[in-house]
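A.B. asks: Mind having a look at this structure? Questions to follow.
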């Protein structure tokens, strides 16, 4: 099968969606399929060999921004466009911390969703010109519904089926101010008919997005997340002498670091807890530095500054080493997360997790057996941490179950098997049936 897989770059940030797209593309290539992983906006940053290297970045972020805010750039000649579409410029921009706060991107989001009727029409034309010059794919996959306006022009140009992955864009959409939020959602609903099949990253997200975007559930197939286990040691890990709570995700309000710190402070008030630490790692955007500073201030005010450490963003080897040093991981995002890639990474390293009962967390933890699901409150999280602190045997058992559960249900090989099943049916114009949902 020959696949054109579009992936949305996130500048200098490790992005779970980029990591997923890249891992699947690498696995399909290893099986002998043809895959073109085409980045849009910016180059992608991955912690494994990057499959998109060598392909151009289309729908370049600089051009998209200029065309939104300066009418002149909507009509500049292609020769001039090459200056800010160049890889050198995009990489230079990507090294800076770009603001992705949806509250500031309403008009741009709606314009992109208007597609050929938006200010970025020229970027769509460039994309279509490029794909027409390449070998025609059997199928095209869009990375999220925010780029659904590409479906119709790609279908016209290639006469091939279009899939669209659903992997967490509702959190972004909910952050848009009105009237942009309502208009963006209406445009996605309107253009959903241009897509042959949608792909959800979890069972939870099928129902959530079917309702949110008014897509019939039988048009959404589930392709669960899968991680590459290279470098993960499945040998039992030794518990540390100091009980170590970990957080590994972006440092941002939607990932719940402040909520975890609140729970940790409650946990530390229990007289049974003699020694503990809170270790934190993940990408920090400039716009969230004040958020981290407030978290650190609150920990210091509770007399716990010495127990809190931020490690920054980590590469793959550093990530695995960081995870192996934890006794438990918790990323208690206050919004329903459809993915939870960080849970799979922690459990693959033999680390149990404590997560609130929301989003895909119950699904992932229930399927792997690798942790505790608690009430979504600081008290619930604190009680979960206390339970594992007091019962190291339980923590070890959950860690072992989680490691086995990830290897049984959430490897990139199993994810690729499911994805190929979906792609084969869509390419053959066969209906999506319940067989494509994730078996429990």
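Yes or no, residue by residue, for (1) assigned by TED's automatic domain parsing to the domain that holds residue 290; (2) farther than 26 Å from residue 400 by Cβ; (3) in contact (Cβ under 8 Å) with a residue 24 or more places away in the chain:
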residue: 192; (1), (2), (3): no, yes, yes
residue: 199; (1), (2), (3): no, yes, yes
residue: 206; (1), (2), (3): no, yes, yes
residue: 212; (1), (2), (3): no, yes, yes
residue: 218; (1), (2), (3): no, yes, yes
residue: 247; (1), (2), (3): yes, no, yes
residue: 250; (1), (2), (3): yes, yes, yes
residue: 268; (1), (2), (3): yes, yes, yes
residue: 276; (1), (2), (3): yes, no, yes
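A.B. asks: While we're on this one: Report the residue count in region 134-156 for those that are at pLDDT 95 or above and either surrounded by fewer than 17 Cβ atoms within 10 Å (Cβ to Cβ) or part of a helix (DSSP H, G or I) (or both). Before the answer, list the steps.
C.D. replies: First, the residues of region 134-156 that are at pLDDT 95 or above: 137-156.
Next cut, either surrounded by fewer than 17 Cβ atoms within 10 Å (Cβ to Cβ) or part of a helix (DSSP H, G or I) (or both) only: 145-156.
The total comes to 12.
A.B. asks: What are the residues in region 285-313 that are out of contact with any helix residue (DSSP H, G or I) (no Cβ under 6 Å at 6 or more places or on another chain) and not in a helix (DSSP H, G or I), if any?
C.D. replies: 285, 303, 304, 309, 310, 311, 312, 313
A.B. asks: Within region 414-431, can you find the residues that are loosely packed, with under 14 Cβ neighbours inside 10 Å and on the phi < 0 side of the Ramachandran plot? Walk me through it before giving the result.
C.D. replies: We begin by selecting, within region 414-431, every residue loosely packed, with under 14 Cβ neighbours inside 10 Å; these are 424, 428-431.
Residues satisfying the conditions are 424, 428, 430, 431.
A.B. asks: What do you reckon, is residue 257 within 16 Å of residue 171 (Cβ to Cβ) and surrounded by 22 or more Cβ atoms within 10 Å (Cβ to Cβ)?
C.D. replies: Values: within 16 Å of residue 171 (Cβ to Cβ): yes; surrounded by 22 or more Cβ atoms within 10 Å (Cβ to Cβ): yes.
When the stated conditions are applied, residue 257 passes them.
A.B. asks: In addition: Of the residues that make up region 364-381, is at least one over 27 Å from residue 200 (Cα atoms), surrounded by 24 or more Cβ atoms within 10 Å (Cβ to Cβ) and in contact (Cβ under 8 Å) with a residue 24 or more places away in the chain?
C.D. replies: yes
The values are calculated or read from the model by the stated rules, or taken from the named source; none is laboratory data. Every value quoted in this text rests on a predicted model; they were computed, and no experiment measured them. Virtual Cβ from ideal backbone geometry, glycine too; neighbours counted across all protein chains shown.
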